[in-house]
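Report on the following structure.
The values are calculated or read from the model by the stated rules, or taken from the named source; none is laboratory data. Keep in mind that this is a model prediction, so the values were computed, not measured. Cβ atoms come from the backbone with ideal geometry, glycine included; neighbour counts cover every protein chain shown. Just the protein is used for accessible areas: all its heavy atoms, side chains included, with ligands, DNA and RNA removed. Shrake-Rupley method; radii C 1.70, N 1.55, O 1.52, S 1.80 Å.
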Amino acid sequence: MAYREPGAQAEKPNQLTRRVMVGSVPVGGGASVAVQSMLTADALDVGANVSQIEALAEAGCEIIRMAVPRRSCLDAFEEVCARSPLPVVADVHFDAQIAIEAARRGAAKLRINPGNIGGWDKADLVLDAAEAAGIPVRIGVNAGSLDESIARRDDLSLPQKLALSASEYVRHCEQRGFRDVVVSAKAHDVMTTVRTYRQLARDIPHVPLHIGVTEAGTRFQGIVKSASGLGILLEEGIGDTMRISLTDDPVNEVRACWTLLSALDMRRRGPEIISCPTCGRCQVDLIGLAERVEGHLRTVRHPVKVAVMGCVVNGPGEAKDADVGVACGKGSAVVFRNGEVVRKVPEDEVVGALIEEIEKL
Ligand code: SF4
C-alpha cells in the first residue's frame, strides 16, 4: 500500500466532482484544470473575435467565453461558434431569450446568473434549452445579485452567503433533473474568493467549480492577486477550470494561467525560464536578453527549462536543473545543455544558440 502522509486526503476535491463536457473539453471528475479566457472584441465583429480565439488557442486557451449582450449579436455569435477552434461559452445577463437562442446556435456552454436572468421561470426555460442542446450551464453568483433573503442574514459571512446562494441554485437545477452544472462565485477580494470556494467545496462537493478572482486589476496586480488566491485553492485541490481575469490582452490571462499551473507542478506547457535577478557580477544586459529569449520561446510548446544566468561564477551551478542555458561573461556566454558546457558564443548570438540547443533536445 502506498505511503500516505498523516492526515493527507485520499482524494482532492476536484477528483470527486461530477464531470461535464464543454465541447470536447472535460471539466471536473479529476480532469486537468481547464484554462479559460474571455473575448474582448466587439460582439458584432466576427472576424476580430475569431482572430482573438486563434491567438488564445495558440497560447493554450481551452475554453473561450463570449459576451452576447443583445439579441442583435446572436448572428455574430453563431458564426463565431461555427468558426472557432475552441468551445465557446455564451455569457448572458438579463435576457433569458438570448441564452435560449445561444444554446440553439452553437454555444458549448451557457454562463448565466440566475439572480439577474428574470426569475426562476425564465431560468428554467434556459435550463430546458441547455438540456435540449446537450450543453452544461455555469451558474455564476456574485455579491451584487444575492437573493434578498440571503443578503440580509446577519448570521452568515459573505463567503457563506455566496456559497448558500449557489447551493440553492444547484439544488433547484437538480430537482428539475438538470445536472450539467458548473458553479462560480468570484469576488474581487482574494481571501473572500478563497473562503467562498472552500465553502462551496464543502457544501456542493459534487459540482465542478470554475475559479477566479474577478476584476483583479491590471497586469501586475491582477496576476499577483489571482495567483495568490488561485494558488491556495488549486493546491487544496479546489477548482476544475480557471480564469485569471486581467485588464489586459486576454492572451496574457492564458499565459498567466499556464505559468501558475506549471509553478504548482499541475500542468506544463511550453518553456520555463530560469533567470537570475542579476547582481554586480553581471556584465551584460541580462534583463533585455531574458526578455528576448522569452519572446523567441513563445512558439515552443513542449515543456523545457531554459536558464539565462548573468555570470559564469554561479550561473551553471544555479541553473543545473535546466535542460539548456547560458551563463554570460563580458561580451560572450557559455552555453550548456543538461549541465554540461557545450560551446561559447558572442553575446549577440546567445538567443540563436539557445534556440539551436533546444531543437537538439
Ligand atoms: S548568476 Fe551571477 S550575475 Fe546572476 S545573480 Fe547569480 S552571481 Fe549574480
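At a glance:
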quantity: Average accessible area per residue (Å²) across region 30-105 - probe 1.4 Å, nucleic acids and ligands excluded; calculated: 38 Å²
quantity: Placed amide H near V22: partners under 5 Å, 5+ positions off or other chain; calculated: V27
quantity: Difference of contour (0.36 nm per residue) and Cα-Cα distance, T259 to R301; calculated: 13.8 nm
quantity: Carbon + sulfur, % of accessible area of the chain - ligands and nucleic acids excluded, 1.4 Å; calculated: 48 percent
quantity: Nonlocal amide H pairs with R65, under 5 Å, H built at 1.01 Å; calculated: S37, M38, L39, V89
quantity: Candidates per GluC sites (Glu not before Pro) in region 1-110, loop by DSSP, up to 15 other Cβ within 10 Å; calculated: E11
quantity: The chain - mean residue ellipticity at 222 nm from DSSP helices (-39,500 (n - 2.57) per run, n ≥ 4, rounded to 500); calculated: -12000 deg cm²/dmol
quantity: Residue-level accessible surface for S228, protein heavy atoms, 1.4 Å, Å²; calculated: 50 Å²
quantity: Fraction of antiparallel bridges per DSSP, the chain only, in percent to nearest 5; calculated: 30 percent
quantity: Cα-based Lys pair tally, region 272-360, threshold under 17 Å, eight or more apart or on separate chains; calculated: 4
quantity: Label-point separation in nm, A132 to K12, each point 7 Å along Cα→Cβ; calculated: 3.9 nm
quantity: Candidates per trypsin sites (Lys or Arg not before Pro) in region 70-109, loop by DSSP, up to 13 other Cβ within 10 Å; calculated: R70
quantity: D321 - accessible surface, heavy atoms, 1.4 Å probe, Å² rounded to 10; calculated: 110 Å²
quantity: Computed over the chain, the ratio Rg/Rh where both radii use C-alpha atoms and Rh is Kirkwood; calculated: 1.05
quantity: For region 211-361: accessible area per residue (Å², 1.4 Å); calculated: 48 Å²
quantity: Residue-by-residue Karplus 3J(HN,Hα) for region 138-155, coefficients 6.51, -1.76, 1.60, Hz, glycine and proline x; calculated: 9, 8, x, 9, 8, 4, x, 10, 5, 4, 3, 5, 8, 4, 8, 6, 7, 7
quantity: D75 versus E168: modelled label distance in nm, points set 7 Å from Cα along the beta carbon direction; calculated: 4.1 nm
quantity: Where Rh is the Kirkwood radius over Cα pairs, Rg/Rh for region 272-360; calculated: 0.91
quantity: Of L289, L158, L16, the one that fluctuates the most in a GNM where the chain has Cα springs shorter than 10 Å; calculated: L289
quantity: Ranked order, W120, W258 - accessible area, probe 1.4 Å, largest first; calculated: W120, W258
quantity: Under the Karplus curve 6.51 cos²θ - 1.76 cosθ + 1.60, θ = phi - 60°, whole-Hz ³J(HN,Hα) for region 300-307, x wherever Gly or Pro sits; calculated: 7, 9, 7, x, 9, 9, 10, 9
quantity: Cross-link pairs beyond the 18 Å C-alpha cut-off, checked among K186/K225; K12/K109; K161/K186; calculated: K12/K109
